[in-house]
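Everything on this sheet refers to the single structure shown next.
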Amino acid sequence: MASISLVMFLVFIAITLGITYWASKRSAGANAYFAASRQITAWQNGIAVAGDYMSAASFLGIAGIIAFQGYDGFLFSVGWLVAYLTVLLVIAEPLRNAGKYTMADVLAYRLKPKPVRVMASLSTLTVSTFYMIAQMVGAGALVKLLLGGFVTYNQAVIGVGVLMIVYVVFGGMLATTWVQIIKAILLMAGTILLSILVLAHFHFSFADFFGAIGRVTYHDAKGQLVVKDFLQPGLRYKPPYGPLDLISLGMALIFGTAGLPHILVRFYTVPDAKTARHSVVWAMVLIGSFYIMTTFLGFGAATVVGPDYIKTHGGTNMSAPLLAQALAGNVFFAFISAIAFATILAVVAGLTISATTSFSHDFWTNVVHDGVERKPGEEVMVARISAFAVGAVAIAIAILLGPTANVAFLVALAFAVAASANLPVIVLSIFWRRFNTAGAVAGLGIGLLASIGLILVSPSLMAIDPPTVTGTARHLIQAKAWFPLENPGILSIPLGFLGAIAGTLLSHEPTSQYKFNELLVRSNTGLGAEKAGVQ
Amino acid sequence: MADPSRRADPTRPDETSQTTWDQIAESKPFKDLMAAKKIFIIPAFVFFVAYYFALPVLVGYAPQLMSTRVWGIFNLAYLFALSQFFMAWIIAGLYVKAANTFDQLAKDILEKAGNGRGGK
């Protein structure tokens with residue numbers, strides 16, 4: 001079984017390395033390296049956005065949460081799609097019209113470039129690194145489970161890290177895009193196949209399938225045999241704080257997705273704002289179809305495999321692969337596992353390129369060197385070097401944390417920072433004439449600190465463990481949590497907005513108002529927008 | 001080293017001066033474009049946010065009501081969640097349709113600006 005998985009992994013790696021080689025010959029120059037020469041088409045970018053976005057957390061994580069906690073897990077699926085309306089209606093087109101490579105480009109038009117770029121770069125690196133570490137720990141644990149005997153956790157983490165560095169250093173945005181496209185197609189194919197198999201298992205009868213969901217039998221935490229209706233809300237989000245946590249999660253998803261740096265950079269790879277818009281719609285078709293099908297993956301795992309079996313065969317994250325094994329045997333299990341691996345690689349590559357673009361373009365070129373490259377190609381060279389650095393740091397932290405580390409909160413943190421720091425500042429900069437540099441710095445700073453601070457004192461990091469829990473699986477702070485919600489959005493998003501508004505009102509900056517018209521015209525008409533083609 | 005063509009900052013000094021931006025921003029075609037966008041985008045945004053947050057609020061605070069079975073198979077909670085997907089797709093479709101009008105208005109403004117730097 002492990003050998004079939006290994007062969008499929010190797011095939012995927014060989015194909016993506018071939019693409020990287022092809023892309024490396026087309027990645028000369030900053031426009032080509034950072035934005036794939038802005039020649040990606042609408043459908044290509046739409047699929048790539050889907051591939052960039054649907055992480056291991058959504059494929060393995062969601063299937064697992066639904067398999068164990070039923071309906072409440074499906075609520076993640078809903079938020080992950082609806083969030084794209086914010087991207088479509090508010091962010092994608094102004095960003096493409098007014099920016100060049102990063103979200104900070106849009107802020108720098110009317111605000112003082114240095115302070116906003118420093119803060120925006122800090123926020124981007126925070127979101128990308130945290131998200132990347134969560135993915136890498138997941139990848140290591142997954143590969144260890146699937147290829148146990150062949151590959152250890154550390155080898156798996158190093159392997160994933162080295163591959164993502166190779167894609168980004170040699171193939172730039174073009175290779176990253178195609179890795180994401182292939183991954184998205186594989187993920188959709190695997191999910192459709194798995195959904196059909198689940199339905200076939202219930203003789204294509206929704207009545208039978210949903211009937212079975214209504215009476216899932218398993219042993220609860222106390223070891224008692226229980227029968228539960230998994231379609232009923234409340235298995236995960238229980239009173240007293242459950243409903244608030246659910247709303248808080250919704251806020252982080254709806255407002256955070258449009259502030260995720262690795263999603264935002266994708267809109268610079270298309271020729272114009274209209275293509276960016278159409279690519280969001282393509283992405284929504286794919287992402288929506290995928291998340292509707294989590295019904296079959298998650299509830300299928302709950303009914304066909306059952307929580308008891310999953311618990312003793314690798315745990316929640318193995319729900320989807322175990323479902324594949326139960327329905328169609330070891331080859332399909334290996335195929336679904338290989339897809340999970342491809343999923344992680346595509347996402348970490350996207351995260352790496354957004355982090356390195358921000359470091360090199362925002363921080364190195366525009367802050368340290370006043371917006372002038374000292375020699376041609378410096379910006380790309382710095383990006384390549386920083387991809388090594390980012391990759392090395394992520395590998396080191398993932399190895400230090402180890403496979404049992406509690407990292408789910410890192411994903412929540414990434415969305416919270418994106419929603420509380422990035423989104424308020426982008427939105428206010430596009431829509432509010434009075435907005436200024438002090439407001440942007442305050443908004444980014446307070447949004448970032450509030451998200452990190454609240455997560456630090458939330459039940460994710462603060463709880464009292466029984467002595468049986470050891471090592472990095474233990475909660476960081478052994479005390480009762482000060483903030484009762486796992487998702488800080490409900491408090492940190494308003495704080496981010498308030499910080500940005502207060503910072504603006506407490507300072508005076510005539511130039512930011514004076515230059516608002518330029519950003520307004522550029523972002524709404526595309527006048528002077530970056531053009532497609534090799535520069 | 002002050003070659004402006006190599007500046008990586010998009011705020012490079014270029015031919016379009018501040019007064020040109022102000023003139024376009026104050027012009028009637030541009031104000032029409034902004035008005036057309038507002039008429040669609042603000043209601044669409046408010047609607048989808050309200051529709052979306054109705055789900056966690058109802059599921060969180062009225063779980064019994066939402067557990068009501070419909071047609072003996074599904075329950076209200078699942079159907080409402082499923083409807084969110086179609087809501088998102090429908091609004092996206094309507095927006096793409098409305099945006100064709102915005103594109104037309106923007107094209108007129110770009111042509112009037114007439115400097116051939118339109119990026120379209």
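Summary of values
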quantity	calculated
So A:ALA473, is it more than 11 Å from chain B (Cβ to nearest Cβ), over 30 Å from B:TRP21 (Cβ atoms) and surrounded by fewer than 23 Cβ atoms within 10 Å (Cβ to Cβ)	yes
Any helices (runs of 4 or more DSSP H) falling wholly within the range A:233-321 and containing at least 1 residues that are more than 12 Å from chain B (Cβ to nearest Cβ) and either over 30 Å from B:LEU65 (Cα atoms) or in contact (Cβ under 8 Å) with a residue 60 or more places away in the chain (or both)	A:242-256, A:261-264, A:307-312
Selection status of B:VAL70, at pLDDT below 90, more than 9 Å from every other protein chain (Cβ to nearest Cβ) and out of contact with any His (no Cβ under 7 Å at 6 or more places or on another chain)	yes
Filter result for A:ALA35 (of a type in the set (A, V, I, L, M, F, W, C) and under 23 Å from the mean Cα position of the chain (by Cα))	yes
Cβ pairs under 8 Å, 6+ apart, first in the range B:85-98 and at the interface with another protein chain (Cβ under 7 Å from one of its Cβ atoms), second among the acidic types (Asp, Glu) and surrounded by fewer than 15 Cβ atoms within 10 Å (Cβ to Cβ)	none
Filtered residue count, the range B:55-113, keeping only those that are among the hydrophobic types (A, V, I, L, M, F, W, C) and closer than 24 Å to A:ALA283 by Cα	18
Those residues of the range A:498-519 which are of a type in the set (A, V, I, L, M, F, W, C) and over 22 Å from A:GLY447 (Cα atoms), in sequence order	A:PHE516, A:LEU519
Residues within the range A:44-103 that are under 30 Å from A:ARG215 (Cα atoms), within 14 Å of chain B (Cβ to nearest Cβ), in a loop (DSSP other than H, G, I, E, B) and within 17 Å of the chain's Cα centre (by Cα), tallied	0
Subset tally (residues that are surrounded by fewer than 24 Cβ atoms within 10 Å (Cβ to Cβ), touching a Ser or Thr at 6+ places or on another chain (Cβ under 8 Å) and assigned to a helix (DSSP H, G or I)) for the range A:104-120	2
Scan of the range A:504-529 for residues that are closer than 28 Å to A:ALA419 by Cβ, surrounded by fewer than 22 Cβ atoms within 10 Å (Cβ to Cβ) and either within 8 Å of chain B (Cβ to nearest Cβ) or small (Gly, Ala, Ser) (or both), ordered by number	A:SER507, A:LYS515
Residues of the range A:142-177 that turn out to be in a helix (DSSP H, G or I) and surrounded by fewer than 24 Cβ atoms within 10 Å (Cβ to Cβ), as a count	13
Identity of the residue in the range A:342-392, in a helix (DSSP H, G or I), within 14 Å of chain B (Cβ to nearest Cβ) and free of Cβ contacts under 8 Å to residues at least 12 places away in the same chain, that ends up farthest from A:VAL137 (Cα to Cα)	A:VAL368
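The values are calculated or read from the model by the stated rules, or taken from the named source; none is laboratory data. Small disclaimer: the values here were computed from a predicted structure and weren't measured. We place every Cβ from the backbone using ideal geometry, glycine too, and count neighbours over all the protein chains shown.
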